[in-house]
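Enquirer: Got a structure here, written out as structure tokens. Questions coming.
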Amino acid sequence: MDNKSSEGRSAPRNWIDYAEDRKIYVSSLNFSTRDDSLKKYFEKFGEVEKAEVKMESQNRSRGFGFVVFTDPEVLATLLEMPHSLDGREIEVKKAITMKEKFSTNKLFVGGLPAKLSNNDVIEFFASFGEIDDIEWVTDRMTGNRKGFCFIIFKACEPVDEITEGKVPPSSQKHEINGFTVECKKKFPDNHPVQKRIKRIQQQKRERLYPYEYMTYGYDYTVPPSQYYDEFYYGYGQNSPYGYSYGYPTNRYGGLNQDGNSYPLTTTYKQPHMSN
């Protein structure tokens, strides 16, 4: 097996946060609570190395913070008790570790050629750990398998091993029967990593296809005699509810969820100008 690394940002291989065994997460804080009062309260339970209330740019509290103790044994008793600070009940939990934050049991596999069978894919990745499910993605029009799939393992460790701990958009490449495939961790859509990837993809599409992203309030007219000779209505994933100009390829301005676009009209129409 020939594993080829992709350059990019990686998480620490051992996933160690220097204070993860003695750090707590404190939420539901009074918006008037600051670092000093947070530290003073928790010093009743043991020596505090650091206490920090997370703030917004305008020096307004975000309502939560972190406390790091010098002795990890303090947490066992502390987490079982109710707490209140500055006239408000607060929630205290053990802080999520780096490993927990960036671990997932779902793997994205891209670059799958048609010549690589489903069994070839299953056999290769099953060598890393027990597979719970595989989500094959097919084309709605042809029914053929697309060039990527999602593999769900019983545990997170196989995904860490396959990706070598890399955090998307960084990836790790593997070779299956002479074909190179790209592997990335796949997190839930509301995970900060996935949100970041979505923003990056959106920015790339906007740079490549700026006219596909016009929405109400931002549309304008380009005379058809210059660059465009047809007007299209774009409503897909990338240009919701907006009119946009398409190149003369008989396509919508926007893309649907499959990344496809379909013709609507070949007649130029003057768009409605939004205020």
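Enquirer: Please go through the stretch 24-53 and pick out each residue that is farther than 14 Å from V68 by Cα and charged (D, E, K, R).
Expert: In the first step, residues of the stretch 24-53 are kept if they are farther than 14 Å from V68 by Cα; the result is 27-34, 37.
Within the stretch 24-53, R34 is the sole residue that qualifies.
Enquirer: For the stretch 1-38, give me the residue count where each residue is at pLDDT 50 or above and either surrounded by fewer than 18 Cβ atoms within 10 Å (Cβ to Cβ) or part of a loop (DSSP other than H, G, I, E, B) (or both). Let's see the steps before the verdict.
Expert: Just the residues of the stretch 1-38 that are at pLDDT 50 or above, to begin with: 17-38.
If we keep only those that are either surrounded by fewer than 18 Cβ atoms within 10 Å (Cβ to Cβ) or part of a loop (DSSP other than H, G, I, E, B) (or both) as well, we get 17-22, 25, 27-37.
The qualifying residues number 18.
Enquirer: Also, I was wondering about something else. Run down E175, E161 and say which single residue is within 12 Å of L107 (Cβ to Cβ) and over 11 Å from the mean Cα position of the chain (by Cα). Step through it out loud before you land on a result.
Expert: Working: E175 fails: within 12 Å of L107 (Cβ to Cβ).
Only one candidate qualifies: E161.
Enquirer: Every residue in the stretch 140-154 that is open to solvent by 40 Å² or more (accessible area, probe 1.4 Å) and at pLDDT 95 or above, please. Reasoning before the result, please.
Expert: Taking the stretch 140-154 and keeping what is open to solvent by 40 Å² or more (accessible area, probe 1.4 Å), we get 140-146, 148, 154.
Of everything in the stretch 140-154, those that are open to solvent by 40 Å² or more (accessible area, probe 1.4 Å) and at pLDDT 95 or above turn out to be F148, K154.
Enquirer: Same structure again: Quickly run through the stretch 40-59 and pick out the residues that are under 16 Å from A95 (Cα atoms) and either assigned to a loop (DSSP other than H, G, I, E, B) or open to solvent by 40 Å² or more (accessible area, probe 1.4 Å) (or both).
Expert: E49, K50, E52, K54
Enquirer: Which numbered condition trips up F66, out of (1) under 30 Å from the mean Cα position of the chain (by Cα); (2) surrounded by 15 or more Cβ atoms within 10 Å (Cβ to Cβ); (3) not in a strand (DSSP E or B)?
Expert: (3)
Enquirer: Can you list the strands (runs of 3 or more DSSP E) found entirely within the stretch 81-139 that contain at least 1 residues being in contact (Cβ under 8 Å) with a residue 12 or more places away in the chain and open to solvent by 40 Å² or more (accessible area, probe 1.4 Å)?
Expert: Numbers: elements: 83-85, 88-94, 106-110, 131-138.
Hits in the stretch 81-139: 88-94, 106-110, 131-138.
Enquirer: With the condition kept exactly as written, say whether any residue in the stretch 187-203 is open to solvent by less than 60 Å² (accessible area, probe 1.4 Å), touching a strand residue (DSSP E or B) at 6+ places or on another chain (Cβ under 6 Å), more than 16 Å from S127 (Cβ to Cβ) and in a loop (DSSP other than H, G, I, E, B).
Expert: no
The values are calculated or read from the model by the stated rules, or taken from the named source; none is laboratory data. This structure is a prediction, so every number in the text was calculated from the model and none was measured. Reconstructed Cβ throughout: ideal geometry from the backbone, glycine too, with neighbour counts over all protein chains shown. Areas reflect the complete protein model, heavy atoms only, side chains present, ligands, DNA and RNA absent. Shrake-Rupley method; radii C 1.70, N 1.55, O 1.52, S 1.80 Å.
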